[in-house]
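Undergrad: Have a look at this one.
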Amino acid sequence: MGTPEWALPSLEALLNAGEEVAGVLTQPDRPVGRKQVQTPSAVKVRAQELGIPVFTPERVGDSIGQEALRTLRPEALLVCAYGQLLPQSVLDLPPQGCYNLHFSLLPRWRGASPVQAAIAAGDAHTGVSLQKMVMKLDAGPLVARSEVVPIQAQDTSETLGARLASLGGELIRDALPLLSGGAPEAQPQDEAQVTICRILRKEQGRIHWDQDTAVSLERRLRAFTPWPGLYCFGPDGKRLQLTQVEARAESDGGSEAASVPGIVLPEFFVGTAEGTLQVLRLRPEGKGEMTATEFLRGRSDWVGKHLRAS
């Protein structure tokens, strides 16, 4: 059970190990892009290429999802970035259990956005965990955990997620002998160390210059690349998407005005609640991406004015 490209290494690991993949459950085709073209998930595309039966229930617990699982009669379920919560009726179905590959070192970052949360929080490292699933979100006992993975200074959720996906495939491969018996030894998670991350919302990309620090904004942009990104509104009221930024010291920006939240300074330094953010690349509303230098060349009147949250 999986949906995005991040789930593919896990599927490939099962196949390369000679396991019989009776079927794949993935999210239904969704509209993508400005033209909202109905697009299948990466897992659906790959499964069809391999000739594996594919099922796309809107909810895995509905009659279609339940019937698909009863037809497949799986001995075990492996879940990776599926995008749906499994009801108890599904967890109880396979005799060897349900296992979830999660992109964090549990119990840190239980929830829907562990890769983004780790970058945004400034974590130095992360990893992947394989847990036996229970009804409480990501709270099941741990069957295996990967080695520690350093988070690089320039990592985005795309680059870090890709590395974790590959590592997850390796973890699945190594853990298969443990799972084949149906009752692998598992370690309970330390509830005192739990942190939670939520589903990402578009609003989380909005900049509040008087509340956000330069460091937190630089981290959030990397965490929210490719979505929801980081954005604000210019003096003209039009949306401004920031695509590359760099956190600087409080004194950067060329004047004391750098400490004024939201004010635009030469070279596109912007004051924040703490520190100065230099905008390096951006995408103005209705236009393509460009360097900040190119933008200010045509909008020098922005210097000394304020960027806004809305």
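The values are calculated or read from the model by the stated rules, or taken from the named source; none is laboratory data. Here the structure is a predicted model, which is why all the values come from computation and not from measurement. Positions of Cβ are backbone-derived with ideal geometry, glycine not excepted, and every protein chain shown enters the neighbour counts. We work out accessible area using only protein heavy atoms, side chains counted, and drop any ligands, DNA or RNA first. Shrake-Rupley method; radii C 1.70, N 1.55, O 1.52, S 1.80 Å.
Undergrad: So is L106 of a type in the set (A, V, I, L, M, F, W, C), part of a loop (DSSP other than H, G, I, E, B), under 30 Å from R220 (Cβ atoms) and touching a Ser or Thr at 6+ places or on another chain (Cβ under 9 Å) or not?
TA: Yes; evaluated as a whole, the condition is true for this residue.
Undergrad: Could you tell me whether segment 1-10 includes any residue that is open to solvent by 50 Å² or more (accessible area, probe 1.4 Å) and under 23 Å from L178 (Cβ atoms)?
TA: Yes, the conditions are met somewhere in segment 1-10.
Undergrad: Which one of R248, R222, R283 is of a type outside the set (V, I, T), under 29 Å from T159 (Cβ atoms) and modelled with pLDDT under 95?
TA: R248
Undergrad: Restricting to segment 273-292, count the residues that are touching a strand residue (DSSP E or B) at 6+ places or on another chain (Cβ under 9 Å), outside any strand (DSSP E or B) and over 17 Å from P235 (Cβ atoms).
TA: Number of matching residues: 3.
Undergrad: In segment 287-300, which residues are of a type outside the set (S, T, Y) and either closer than 15 Å to V270 by Cβ or in contact (Cβ under 8 Å) with a residue 24 or more places away in the chain (or both)?
TA: Scanning segment 287-300 gives E289, A292, F295, L296, R299.
Undergrad: Between G18, G65, G97, G33, which is more than 19 Å from the chain's Cα centre (by Cα), of a type in the set (G, A, S) and open to solvent by 40 Å² or more (accessible area, probe 1.4 Å)?
TA: G18
Undergrad: Hey, among the residues in segment 124-150 that are open to solvent by 30 Å² or more (accessible area, probe 1.4 Å), part of a loop (DSSP other than H, G, I, E, B) and in contact (Cβ under 8 Å) with a residue 24 or more places away in the chain, which one's nearest to Q96 (Cα to Cα)?
TA: M133
Undergrad: Here's another thing I want to ask about it. Condition first: assigned to a loop (DSSP other than H, G, I, E, B), surrounded by fewer than 18 Cβ atoms within 10 Å (Cβ to Cβ) and touching a helix residue (DSSP H, G or I) at 6+ places or on another chain (Cβ under 8 Å). Now tell me which residues in segment 151-168 satisfy that.
TA: Q152, Q154, listed by residue number.
Undergrad: Look through segment 68-90, keep the residues that are open to solvent by less than 20 Å² (accessible area, probe 1.4 Å) and of a type in the set (A, V, I, L, M, F, W, C), and return whichever of them is nearest to the chain's Cα centre (by Cα).
TA: Checked segment 68-90; the qualifying residue nearest to the chain's Cα centre (by Cα) is C80.
This table checks each residue for (1) open to solvent by less than 40 Å² (accessible area, probe 1.4 Å); (2) in a helix (DSSP H, G or I); (3) among the β-branched types (V, I, T).
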residue	(1), (2), (3)
P184	yes, no, no
Q204	no, yes, no
D210	no, no, no
L217	yes, yes, no
W227	no, no, no
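Undergrad: I've got another one for you. Which of the numbered conditions does V260 fail, given that it passes all the others? Conditions: (1) among the hydrophobic types (A, V, I, L, M, F, W, C); (2) open to solvent by less than 30 Å² (accessible area, probe 1.4 Å); (3) modelled with pLDDT under 95.
TA: Tallying (1) among the hydrophobic types (A, V, I, L, M, F, W, C); (2) open to solvent by less than 30 Å² (accessible area, probe 1.4 Å); (3) modelled with pLDDT under 95, V260 fails exactly one: (2).
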